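The values are calculated or read from the model by the stated rules, or taken from the named source; none is laboratory data. Just so we're clear, the structure is a prediction, and the values are computed from it rather than from any experiment. Reconstructed Cβ throughout: ideal geometry from the backbone, glycine too, with neighbour counts over all protein chains shown. Ligands, DNA and RNA are stripped out before the accessible areas are found, and what is left, the full protein with its side chains, is counted by its heavy atoms. Shrake-Rupley method; radii C 1.70, N 1.55, O 1.52, S 1.80 Å.
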Amino acid sequence: MSLKNVRLEVMQHLEKDVQSLIEKYLIPVEKIWQPTDFLPDSTKDSFHEEVREIRELSKELPYDFWVVLVGDMITEEALPSYESWLMDVEGVDQIERNGWSTWLRHWTGEENRHGDVLNKYLYLSGRVNMREIEKTTQYLINDGFDIGTGRDPYKNFVYTSFQELATYVSHNRVAKIAKQKGNKQLAKMCKIISGDEMRHHHAYSEFVERIFAVDPNQMMMAFHDMMKRKIAMPAHFLRESGESIGTAFEEFSNTAQRLGVYTSNDYVDILQKLIDRWEIGKMTGLNEEAEKARDYLMKLPPRMYRLSERMKIPENSYQFKWVDPA
Ligand SMILES: [Fe+2]
Ligand SMILES: [Fe+2]
């Protein structure tokens, strides 16, 4: 049987449990938080006062902080790209109402709230240039999404396991900074988003675990291939208006690195967490190729830690069109 057919069979095998995985990892609409729970209620007379308070507190936060919050928001807002990409993965059938596509729709529904709440907050903060931000979001959706996973479900689940943990780290750090600066409301908002990302991370990691149980050799190869080529962030095509594809991404990641919100060290920490979680080092009975892949993966974190120590980050803020100088 070809590798592709095996993957389809594995996806169909796992699909039987999709409903229970949705119940385990996702929260029903009626129970989950909504953006307005964390924002001023515009039907109330207190609205203006609450907005005034948001604008006052916003002044306490530094330039780089706003850049990171904007970049995080745009990453969340490009969700149409991620959903359409994942809908096309082998074994995910859009027409099938009770299978993988149901998982994806429910996951998308949860994710959609993240961009929503951040967008509204940024709009009210008075600290950012919304029109420039909106243009970047539209560009990012136009430019599409290519993370080197192809339509392979194994690689895509490695990607999402990694990426959900990365977004957990960054939203959680943003929450900490906001809290330190006395902005409790923003801290609460980012904290609750990071909680969603952690749940999603556990879900995708369990999918990978389940694949390891039935097709360990190919799952190992997929993990190896993804880490060898490095995980590209969902916003790696990020650009500002008038610039070419991807130009803003490097400066955005430098900013996140400078602020300590998401660093190259975090990248390696996440890799190490995945290796531990999937007990890569304990896997035996593999074929020769997968054994080599396992050994490569086990040696990768120490190698990458050494590299990340040597990395230099520009000290000065880069001037984005999204945020006017403080
Ligand atoms: Fe998210
Ligand atoms: Fe998520």
- Restricting attention to segment 273-323, the residues that are assigned to a loop (DSSP other than H, G, I, E, B), loosely packed, with under 10 Cβ neighbours inside 10 Å and without any contact (Cβ under 8 Å) to a residue 12 or more places away in the chain number exactly 3
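Within the group Ile74, Ile147, which residue is of a type in the set (A, V, I, L, M, F, W, C), at pLDDT below 95 and within 16 Å of ligand 2 (Cβ to nearest atom)? Can you show your working first?
Working: Ile74 fails: at pLDDT below 95.
Selected residue: Ile147, the only one of Ile74, Ile147 that is of a type in the set (A, V, I, L, M, F, W, C), at pLDDT below 95 and within 16 Å of ligand 2 (Cβ to nearest atom).
If we scan segment 89-101, do we find a residue that is within 16 Å of ligand 2 (Cβ to nearest atom) and open to solvent by 40 Å² or more (accessible area, probe 1.4 Å)?
no
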- Please go through segment 243-260 and pick out each residue that is open to solvent by 40 Å² or more (accessible area, probe 1.4 Å), part of a loop (DSSP other than H, G, I, E, B) and in contact (Cβ under 8 Å) with a residue 12 or more places away in the chain. Ile245
- Could you figure out which of (1) part of a helix (DSSP H, G or I); (2) without any contact (Cβ under 8 Å) to a residue 60 or more places away in the chain; (3) more than 14 Å from ligand 1 (Cβ to nearest atom); (4) open to solvent by 20 Å² or more (accessible area, probe 1.4 Å) isn't true of Ala187? (4)
- Message: Can you pull out every residue in segment 211-242 that is farther than 14 Å from Asn156 by Cβ, part of a loop (DSSP other than H, G, I, E, B) and open to solvent by less than 30 Å² (accessible area, probe 1.4 Å)?
- Response: Asp215, Ala235, Leu238, Glu240, Ser241
- Message: With the structure loaded, tell me whether Lys179 is farther than 21 Å from Glu77 by Cα, part of a helix (DSSP H, G or I) and away from ligand 1 (no atom under 13 Å from the Cβ) or whether it fails that test.
- Response: yes
- Task: Please state which of the following conditions Gln180 fails to meet, knowing it meets all the rest: (1) of a type outside the set (Asp, Glu); (2) open to solvent by 10 Å² or more (accessible area, probe 1.4 Å); (3) in contact with an Asp or Glu (Cβ under 9 Å, 6 or more places away or on another chain).
- Result: (3)
